[in-house]
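The values are calculated or read from the model by the stated rules, or taken from the named source; none is laboratory data. This structure is a prediction, so every number in the text was calculated from the model and none was measured. Every residue, glycine among them, receives a Cβ derived from its backbone with ideal geometry; neighbour counts consider all protein chains shown. Side chains are part of the model used for accessible areas, which takes the heavy atoms of the whole protein and leaves out ligands, DNA and RNA. Shrake-Rupley method; radii C 1.70, N 1.55, O 1.52, S 1.80 Å.
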Amino acid sequence: MNSRTMRMVLVAVAAGLMLLGLCIYGFLGAYVFLAPSLPTADAMRRLDMQIPLRIYSRSGELIAQIGEQRRIPVTYEEIPQIVREAFLAAEDDRFFSHHGFDYAGVLRAVLVNITSGDYSQGASTITMQAARKLFLTDEKHLRRKLQEVFLTYRMEREFTKPQILNTYLNVIFFGQRAYGVAAAAEVFFGKTLDELSIAEVATLAGIVQRPAAYNPVTSAERAAVRRSYVLQRMQALGYIDEATAERARVEPIQARSFAPRYEVEAPYVAEMARQEIVGRFGEAAVNAGYRVITTLDGRLQTAAIRALRLGLIEYDRRHGFRGPLQHVAIAAGATTETLESALKDFANVGNLQPAVVVSVAPRAARVYVRSQGFAQIDWDGLSWARQSGEASTAASIVKQGDIVYVVSNGSAAQLAQLPEVQGALVSLDPDDGAIVALVGGFDFFSNKFNRATQAKRQPGSGFKPFLYSAALDYGFTPASIIMDAPIMADDRNSEQSWRPENSGGGFSGPMRMREALVRSRNLVSIRLLRGIGADGTIAYTSRFGFDADSLPRNETLALGTLSATPLQVATGYTAFANGGFRVTPYFIDRIETNAGEVVVQAAPNVVCESCESVAPDEVGLAGIVGEAPAIPAAPPAASARSCMRSYVDSDTIRPKKPAERIISAANAWLMADMLGDVIRRGTGRRALVLGRSDISGKTGTTNASRDTWFNGFNRELVATVWVGFDQAQPLGEGEEGSRTAVPIWVHYMREALRGVPDTPRPRPAGLVTAHVSALNGLLTGESDPNGIDEVFLAEHLPAAGNATDQPAGAGNTTESLF
């Protein structure tokens, strides 16, 4: 080599070293410049991903996920090995051997970027993608690329390979708001990770390179091509064999958009929880990973939804079929793709599924149910829709091409339609007010108005037990004789007089107070209110949770003309169920952060009969009306429950606070006993099918049956059902609470009380059984042919009498009672 050549080599080497030095210097300078903008290792460890608000039942069953991103965080161990291998094959098969950079791929990308000048080419490893998704944007420029490189180096140095891969599989974007592989499995296939087939795993692994292009719902053909590439790479790397790859390659792609999976259906409660979270922590909190553990019992909630929907459908059927949703032309032998297309604009509503009639037989119809397949509707599932006077044939009801709703269990179905009527059901634990089931309407997603908590309607006769409870403390007894006779009251603001009537009309003359409640006699209730006074009635009934300022200060209050939500009414009835205590309803047991830290913990007041030692001051009507006594404390021996009922929270047993007594245990027992007669032989007789002796309740029906109710309970559970139209209108002739609401309550309680012993209520102190005349309510001898046994408050025993005595009311009866 001559000297000239040597000099050229030395110059080249020097130039190269200088260029290398400049590159290193520039790289170091870039690092110094960009380092302040990069997260530290500690910050990366404390990373809070956008995690949706998750809502659970009290036993941990998922109710809902609410947030901008659908994300289901999973640990490395919870991700099946085949899922991890599919993503390695598709994105970075050298992940476990390199240190964050695939240099051959990076060099190729650098050369393309330099020559093109737009920096659009990438060869990112899994670590680089994780760094970008977590901390950077997807912008294609040099500054962002350098930040990505520095972050990748930091992640590789601070975290293990499994940690990085797990992070990547939890943050990568799949489209359709799905972040992370677990959420993607649910969104596209409605499955958990361990339920995915090899073909579905490969499909998901193929999406992440270009989520829009390889979306298996909107671009199934492209997704299939990409899936084939992933399967080829998995086979080449030895993750699957050739036969497995071929089976997966020919498997049809059956992806569609799936709603989030839940274990308990309670969307109205989920929305209540969302509002509570936003109210406490702000709008951003729905993406902060909070977990809300509600008081709902999953089994009872499922029973409540089923009961309400069944009851509303039964009512709707009684009022006739309104015809198909739409009619389309369907050719004989139409393909499932054609049938699915005909149904694409119709969604499920509650338990109703859209279907198209494909053929009609004399007394049956064959339908295609969306996303399910063919089903048969036999005559017993069609006959309800037959119009009076029409032939008893299926063709008189539906035709080929009709689009209808059905209730289907697979191969069999029944014709249905979306009810126009609405309803609500709310159920409480009477010991602490915990809401164990709540349904605010037929279908939340069709109408989000929560009738259980927002609909203020007139409870009608469902309010009478609160008035009768006041009457007992005022001095009336179950045997008090009160006149069921016409009443006329002048209205100073109108030229007309008010002439209230009993439901169904008619008058029964003198009758015992117990019978008046059983038969729900309006005119007796008005006379009771007159005997107590409007002010006294309002003061007394407000103890049960009703707002005194909202109660009408006139005699219509006796007929339940106040406005109250089903939750308020149910809360009032808890006092009769729990022995006389006031509890406050609540539905959130606790709120936790994503890390499991409890930030809100419920502290309800709980019924505690054994905690009582001194009677509360002025808990009777003393000082309001007359001289009704204060409520005596129940002796410890009468306690059926203990105030130390506790629950475990983070391994700490937390006692609850004692609830306030609002009526005596004797009053509560006597009211429950009289309301038991409502079921045994009154307007609640339909509940007898439950075959239980420990249930009590009261129907409610307002004028023209605009609102219908049933409020029922035993010692373990309270449930209120309301049925009516959102825009108040008559439900129709004969549609009273006993026909509309009681069957729903029965459907619910049949499941809710399954396995619960039928236990008579322990009789508390302060009650006396005496023999009285059924004619005048006065004490009589055992030889009296009209004598009956009745239970009285010890301080309000009737006087002695004989068969010739006049009917007796309260001790200070006024003429208005007769």
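Apolar share of the accessible surface for the stretch 161-317: 48 percent from carbon plus sulfur atoms, 1.4 Å probe. Tell me, how many Å apart are the Cα centres for the stretch 726-777 and for the stretch 268-313? If you average the Cα positions of each part, the centres end up 28 Å apart. The distance between label points at TYR76 and VAL689 comes to 5.8 nm (points 7 Å beyond Cα on the Cα→Cβ vector). To put it simply, the accessible area of the stretch 431-585 at a 1.4 Å probe is 44 percent carbon and sulfur. Computed from Cα atoms alone, the Kirkwood hydrodynamic radius reported for the stretch 203-258 is 11.4 Å. Based on protein heavy atoms only, the stretch 309-418 ends up with 47 Å² per residue of surface accessible to a 1.4 Å probe.
When peptides 60-66, 382-388, 267-273 are sorted by average Cβ neighbour count within 10 Å, with the highest value leading, the order is 267-273, 60-66, 382-388. Each Lys and Arg contributes +1 and each Asp and Glu -1, all at the Cβ; summed about the Cα centre of the stretch 724-773, the dipole is approximately 420 debye.
Each of VAL583, SER550, THR565 was placed along the dipole of the stretch 533-590 (beta-carbon charges, centred on the mean Cα), and the one lying farthest toward the positive end is VAL583. Here the stretch 47-91 exposes an accessible surface that is 45 percent carbon and sulfur, computed with a 1.4 Å probe and the other protein chains kept in place. The residue among ALA307, GLY238, ILE277 whose Cα reaches farthest toward the positive pole of the charge dipole of the stretch 202-324, with charges on the beta-carbon of Lys, Arg, Asp and Glu, is ALA307.
Each part gets one Cα centre, and for the stretch 187-247 versus the stretch 351-429 those centres are 38 Å apart.
With the highest mean first, a sort of the peptides 587-594, 300-307, 125-132 on other beta-carbon atoms found within 10 angstrom per residue produces 125-132, 300-307, 587-594.
Rounded to the nearest 20 debye, the dipole size of the stretch 426-570 about its Cα centre is 260 debye, using +1 on the Cβ of Lys and Arg and -1 on the Cβ of Asp and Glu.
With each label modelled as a point 7 angstrom along the Cα→C-beta vector, the ARG681-THR218 pair spans 6.9 nm. In loop segments of the stretch 186-232 as defined by DSSP, there are no GluC sites (Glu not before Pro) with at most 16 further C-beta atoms inside 10 Å of their C-beta.
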